[in-house]
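What follows is a short report on a single structure.
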Amino acid sequence: MERVGRRDRKPEDEEEFEAEGSKSLFCLKFLWNYSNVDQSISTRSGNSSSSSRGIIPRNGGGSHNHGFVIRPDNRLYQLWAHFILVWAVYSSFFTPLEFAFFRGLPENLFLLDIAGQFAFLIDIVIRFFVAYRDAHSHCMVKDHNLIAIRYLKSRFIVDLLGCLPWDYIYKASGKEEPVRYFLWIRLSRALRVTEFFEKMEKDIRINYLFTRIIKLFVVELYCTHTAACIFYYIATTLPPSKEGYTWIGSLKMGDYSYAHFRDIDLWTRYITSLYFAVVTMATVGYGEIHAVNTREMIFVMLYVSFDMLLGAYLLGNMTALIVKGSKTEKFRDTMGDLIKYMNRNKLGRDIKRDVERHIRLKYERGFTEASALQDIPISIRNKVSQKLYEPCIRKVPLLKGCSDEFINQMTLCVHEESFLPGEVILEEGKIVDQLYFVSHGKLEEVGRYEGGKGDSFMSLETHSSLGEVSILCNIPIPNTIRVVELCRLLRIDKQVFLSLLDIYFLDGRIIMNNLTEGKSSTIDQIIRESKIILHIAKHESELAMKLNCAVHDGDLHRLQSFIGAGANPNATDYNGRSPLHVAAWKGYEDITLFLIEKGADINAKDNFKNTPLLEAVRNGHEEVASLLANAGASLLLDNIGNRLCEAVANGDLELLRRLLSFGTNPNSKNYDLRTPLHVAASEGLYPASVLLLGAGASVIAVDRWGKTPLDEARLGGNKSLISLLEDAKRSQLSEFSESFQRKQGKLSCFKKPAA
């Protein structure tokens, strides 16, 4: 008769089922239509203003079509989430009750159960359209494939199994008891309640103490409720004939006996089980539940052991509430103080939102520096900083080629900061007081096209530097820097960075050279005219003076210290003189050899066109001159004729000999086309003439007035000199004639015979 009655009422049940389904389908359809309205709002990826109501447009505001996507903060979706939360609370509490007290639900509860499972099925479908915030980049993910993969890998299987009508399957399978154990899958819905309490704890509008007490009460009530249901179920596993061998069948409360407990009303049975579960938990098993059979003994042992852990958890949390030491409470206190400050100063809603996001990021994600590091010695903190930040700083293009000492100092001075997507790090037109290096994440540089029409975007990846032009040139930042993905940046203050450049100014020159690479002509001109360039040049000039002073004093050790610290061995002073010029002038062999080994320019010229070899030759330091010559140095004199003529006129035969010994051409001419032999003949300098003739000076060379050295000697009347030059002339003409005849003979060999 019961089956017939149910069959007769089936059309009515189907009407109720279809009515419940129509409501859910209407809600989903309304969400779809709502999203179509918001699709007309154009947005940019990463901005929070994609829609006034929170649903991401179908085109995502960009070139990619993401389809219908719902933002988690959408108002309608929040209403739906609270609606599902109510069902989750009901399902979490009713599932243990259904498992223990029902062998098949009555008709009214069966329909309610079907309606709840249908609502959860709709929620499964909706979850395939709900965007989520990526844990790595902190950006909202809107791609359907990624959303689906994430849900399929997480809770989809459990949610789908929980929606199956296990009561109907149990009846259809011939009431096989193992089927009913699948009901416990629905307890996974309790996670929604846990997530709800976590949100409440961080909501500073709700009293934290009240929220925690309610949460602890719910935990205690749910544990005892589940334990009561399991304890009653264990009693029902014995047949009715053995009810007296169960804890409830043998129970007597005064004159009232619980024999044949299956016939007692549901409410009395549940309250009795819950009473003993609560009392056992509160007194940790002191004489309340009396196990009668082996199954009950095993359960009581496990339950009492669990009660000890649960009691410790509850007492520990209550103690934490009194002491006020929990991480969440610190977050709430910090947020409360900040909100009071912002309200008092009327800082605006946008600033409040940014502050809250940063504080939440700090306490939830732990992206900022650990506070525990502040309690350890600074030497150990420095080691930690070098380990964490040195690999990143070495890869920054701006610092390419800098010394290890400078890089190490940079790692000790940087501070780590995190920024969320959409935040502006540096704003166009503002003066920058910090230099940033991208350790992780992605940013974009927003500028203007030429003519001021439209925005141009340039991506900034890991190891990029931000604000370097503004800091080094003291100009407003030309473009806006905005975060695209969650970024971790390394910050160094402007004054600290400039102080490091003041010490390591040689690295400053390298940084300025790196800065000019790839810049426009306008920016390049601004960089080269900046004060920092003049400041670096001043320090370089001072260092060059120190190098030359060390060389002048013959202090090789001090020179080695300067160059070992990164000084340039080719640095010059105000006269263009390098340390090698000074070493050659003073005749220091050890210093000259050291500078040659360090790569000093052996042919460098000062402002007076003097080379190091010329300085060594002029001052008679033949050993130094030999070192330079062996290294490949040459005189490279533009006015060598004048210098030779001056040496002859001054009677400096030693200088003349040294100049000629290092390959100087004896026929070099001065501005009057006069050779050194012209000067020697006109002055009657017989020894100089002999030296020049021995070096290959020409007697027949003509000056601008058409005179030869022999003509100059005849005018002077020095017979010995005239005789020397005439002999030299005959010899040179004879050699010239023989040479000419040899050349003519070679040419005749190539002539063809006449036909």
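The values are calculated or read from the model by the stated rules, or taken from the named source; none is laboratory data. Keep in mind that what you see is a predicted model, and the values were worked out from it rather than measured. So basically every Cβ, Gly included, is an ideal-geometry build from the backbone, and we count neighbours across all protein chains shown.
The single condition from (1) under 27 Å from Glu517 (Cβ atoms); (2) modelled with pLDDT under 85 that Phe406 fails is (2).
Might you let me know whether the stretch 492-504 holds any residue that is over 20 Å from the mean Cα position of the chain (by Cα), part of a helix (DSSP H, G or I), free of Cβ contacts under 8 Å to residues at least 40 places away in the same chain and crowded, with 20+ Cβ neighbours inside 10 Å? Checked the stretch 492-504: at least one residue is over 20 Å from the mean Cα position of the chain (by Cα), part of a helix (DSSP H, G or I), free of Cβ contacts under 8 Å to residues at least 40 places away in the same chain and crowded, with 20+ Cβ neighbours inside 10 Å. If you filter the stretch 260-316 down to residues that are assigned to a loop (DSSP other than H, G, I, E, B) and at pLDDT 85 or above, you find that the one that is surrounded by the most Cβ atoms within 10 Å (Cβ to Cβ) is Val292. Using the structure shown, decide if Arg189 is of a type outside the set (A, V, I, L, M) and buried (at least 16 other Cβ atoms within 10 Å of the Cβ). In short, yes.
Taken over the stretch 219-242, residues that are farther than 20 Å from Leu315 by Cβ and part of a helix (DSSP H, G or I) amount to 14.
Considering only residues that are touching a Lys or Arg at 6+ places or on another chain (Cβ under 7 Å) and crowded, with 16+ Cβ neighbours inside 10 Å, look in the stretch 393-415 and name the one that is farthest from Asn382 (Cα to Cα). So the residue we want is Ile407.
One line per residue, one yes/no per condition, for (1) under 30 Å from Gly336 (Cβ atoms); (2) assigned to a helix (DSSP H, G or I):
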| position | (1), (2) |
| --- | --- |
| Ala135 | yes, no |
| His138 | yes, no |
| Arg150 | no, yes |
| Lys175 | no, no |
| Pro178 | no, yes |
| Ile185 | no, yes |
| Leu191 | yes, yes |
| Glu195 | yes, yes |
| Ile204 | yes, no |
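Of the residues making up the stretch 630-644, just one is surrounded by 19 or more Cβ atoms within 10 Å (Cβ to Cβ), modelled with pLDDT of 75 or more and in a loop (DSSP other than H, G, I, E, B), namely Ala633. Consider the stretch 416-434 and keep the residues that are β-branched (Val, Ile, Thr) and buried (at least 21 other Cβ atoms within 10 Å of the Cβ). The one that is nearest to the chain's Cα centre (by Cα) is Ile425.
Name the one entry in Ile157, Ile169 that is at pLDDT 90 or above, part of a helix (DSSP H, G or I) and on the phi < 0 side of the Ramachandran plot.
Numbers: Ile169 fails: at pLDDT 90 or above.
The unique qualifying residue is Ile157.
For Ile523, are the conditions met, namely being outside any loop (DSSP other than H, G, I, E, B), farther than 21 Å from Ile407 by Cα and at pLDDT 85 or above? Reasoning before the result, please.
On the way: outside any loop (DSSP other than H, G, I, E, B): yes; farther than 21 Å from Ile407 by Cα: yes; at pLDDT 85 or above: no.
So Ile523 does not fit the description; no.
Contact map, the stretch 145-157: residues that are in the same structural domain as Ile126 (by TED's automatic domain parsing) paired with residues that are assigned to a loop (DSSP other than H, G, I, E, B), Cβ distance under 8 Å, separation 6+ or inter-chain. Pairs shown: Ile147/Val69; Ile147/Phe128; Ile147/Phe129; Ile147/Ala131; Ala148/Phe128; Tyr151/Phe128. Against the numbered list (1) exposed (fewer than 15 other Cβ atoms within 10 Å of the Cβ); (2) within 24 Å of Phe118 (Cα to Cα); (3) not aromatic (Phe, Trp, Tyr), Arg150 comes up short only at (1). Kindly provide the set of residues from the stretch 469-491 that are buried (at least 20 other Cβ atoms within 10 Å of the Cβ), within 16 Å of the chain's Cα centre (by Cα) and not β-branched (Val, Ile, Thr), ordered by number. Hits for the stretch 469-491 are Arg482, Leu486, Cys487, Leu489, Leu490. Within the stretch 651-670, the only residue that satisfies the criterion of being free of Cβ contacts under 8 Å to residues at least 24 places away in the same chain and either farther than 16 Å from Ala629 by Cα or of a type in the set (D, E, K, R) (or both) is Asp652. I'm checking my understanding of the structure. Among residues of the stretch 178-207 that are charged (D, E, K, R) and more than 19 Å from Asp113 (Cβ to Cβ), which one is modelled with the lowest pLDDT? It comes out as Lys202.
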